[in-house]
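Only the coordinates and a few stated rules stand behind these numbers; no lab work does. This one's a predicted model, so the numbers in the text were calculated from it and none came from an experiment. Cβ coordinates were reconstructed from backbone atoms using ideal geometry, including for glycine residues, and neighbour counts include every protein chain displayed.
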């Protein structure tokens, strides 16, 4: 990995980024198994296409998005890059991305789950092809919870017996909107409606009230960030945890656990639905040979390529056909695939940037008992609106 270098040092000239006129340059921030997998795909492509090779450039994840936003408009960026969809709104407005629907027919679109492909669309255009998808799911210690809860009522019912043993039934960062999103969506709420924040709705108030109930009834710890959640689960002090595929690496060998879908919200009958994060392969608006770039993007997201990435790197891929054969029985991948049926695409509007911190502050006030759900969310809505007005006046 290239670490700690400024964009000027990386890309003072095209050659500094490994660019050559005969290559399709792909930037990524992969490490470990994911890097090995994409390097294998590049090697396969290069063996079959010696006249138009792929050149991979590995970047540190910190600051990667900012590097892309600075380099591409100046003509120093890649032809393709791998990144999550959360900056689509900013990058499309800035002219960083090339829309790709011209090259995508119905047969190609059918490779991917509709939800994954739709998450890379914005303002009636398609901006990338899905590489991997991520969502939260429910981790369950089978030595403490033989049968996972199917509903939130079942979750609440099993908590007293666990509490009596000094064990939290569940752990997750209760004041974090990303972690809270399953309840928000399960109560019928949304943080955004298109480009408009929807913060203090009745559904959002009910979801925040449920989060406070979980804390007050000692179902979950009041203050548990991602690190503490992992520790509590590993030590058997939390019987269940809400987290994503990355959580697997934090579970020590020998801990008996399974992964399953999040429970249905009993008050509404709706499934708890986390955000769907999609990592896509995106084309620069300054790509030198766009036909060659789209060919590489299609190859890297083919069913065969997806199967390789799932097998070698454990990625949850959005290609249903990739799960035939050996991957069909991969239990961890299967659990996250089932959860994908109950997800909400991560908002890509630039307005979402102003939502995260006020919402976190509101949830903190609610679960601590310092403010009612309605009052805390109304204040968050006001803070977000004030920020939008300030930004609009600049």
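Apply the a/c threshold of 1.5 to the C-alpha gyration tensor of region 138-294 and tell me whether it is rounded, prolate or oblate.
Because a/c hits 1.5 or more and a/b fails to exceed b/c, region 138-294 counts as oblate.
So for the chain: antiparallel DSSP bridges make up what percent, rounded to the nearest 5?
Antiparallel bridges: around 65 percent, rounded to the nearest 5.
Quick one: grab the alpha carbon gyration tensor of region 344-394, order the square roots of its eigenvalues as a ≥ b ≥ c, and give me rounded if a/c is under 1.5, else prolate or oblate depending on whether a/b is larger than b/c. Walk me through the numbers before you get to the answer.
On the way: a/c = 3.04, a/b = 1.52, b/c = 2.01.
Here region 344-394 falls in the oblate category.
Determine, for 233, 168, the number of other Cβ atoms within 10 Å of each Cβ, and report the residues in order from fewest to most.
Going from least to most buried by this count: 168, 233.
Would you please state which residues of region 313-355 a label at residue 195 would reach in this model, taking the label point 7 Å out along Cα→Cβ and a backbone N cut-off of under 15 Å?
Backbone N within reach: 348-354.
Could you give the length gained by full extension between residue 234 and residue 326, i.e. 0.36 nm per residue of separation minus their alpha carbon distance, to one decimal place?
Result: 30.2 nm gained on full extension.
If the elastic network links every pair of Cα atoms under 10 Å, which of 146, 182, 197 fluctuates the most in the Gaussian network model of the chain?
Of 146, 182, 197, the most mobile in the Gaussian network model is 146.
Among 64, 336, 102, whose mean-square fluctuation peaks in a Gaussian network model of the chain (Cα, cutoff 10 Å)?
Maximum fluctuation in the GNM of the chain, among the listed residues, is at 102.
Considering Cα pairs under 8 angstrom that are at least six residues apart, work out the relative contact order of the chain and quote it in whole percent.
In percent, rounded to a whole number, it is 25.
Sort 104, 242 so that the residue with the fewest other Cβ atoms within 10 Å of its own Cβ comes first and the one with the most comes last.
Fewest-to-most ranking of 104, 242: 104, 242.
How far is helix 356-368 tilted off the main Cα axis of the chain, in degrees rounded to 10, range 0 to 90?
Approximately 20 degrees, to the nearest ten.
For region 143-232, what is the convex hull volume of its Cα atoms per residue in Å³?
107 Å³
Could I have the simple spin-label model distance between residue 291 and residue 31, label points 7 Å from Cα toward Cβ, reported in nm to one decimal?
About 4.0 nm separates the two model spin labels.
Taking a ≥ b ≥ c as the square roots of the eigenvalues of the Cα gyration tensor of region 292-394, is the shape rounded (a/c under 1.5), prolate (a/b larger than b/c) or oblate?
Details: a/c = 4.71, a/b = 1.94, b/c = 2.42.
Oblate, because a/c is 1.5 or more while a/b does not exceed b/c.
Restricting to DSSP H runs of at least four residues, report the calculated mean residue ellipticity at 222 nm for the chain, -39500 (n - 2.57) per run over all residues, nearest 500 deg cm²/dmol.
-12000 deg cm²/dmol
Given the options 108, 142, 231, which has the most mean-square fluctuation in a GNM of the chain, springs set between C-alpha atoms less than 10 angstrom apart?
Among 108, 142, 231, the largest GNM mean-square fluctuation belongs to 108.
Which whole-number percent gives the relative contact order of region 335-394, counting Cα pairs below 8 Å spaced six or more residues apart?
Details: 25 pairs, mean separation 18.5, N = 60.
Taking the mean separation of contacting Cα pairs over the length of region 335-394, I get 31 percent.
Once the Cβ-Cβ distance between residue 161 and residue 213 is put in as r, and R0 is 22 Å, what FRET efficiency do you end up with, to the nearest 0.05?
Once the sixth-power term is evaluated, E becomes 0.80.
How large is the Rg to Rh ratio of region 43-178 when both quantities use alpha carbon positions and Rh follows Kirkwood?
1.13
So for the pair residue 39, residue 93, with labels modelled 7 Å out along Cα→Cβ, what separation do we get in nm?
3.9 nm
Sort 183, 103 so that the residue with the fewest other Cβ atoms within 10 Å of its own Cβ comes first and the one with the most comes last.
103, 183
For the pair residue 225 and residue 143, how long in nm is the line joining their label points, each one 7 Å along Cα→Cβ?
2.8 nm
By how many nm would the segment from residue 150 to residue 266 lengthen if fully extended, with 0.36 nm per residue of separation less the alpha-carbon distance?
Values: separation 116, 0.36 × 116 = 41.76 nm, distance 0.94 nm.
That works out to 40.8 nm of additional length.
For the Cα atoms of the chain, what angle does the longest principal axis make with the long axis of helix 177-186, in degrees from 0 to 90, nearest 10?
Helix 177-186 sits roughly 70 degrees off the main axis of the chain.
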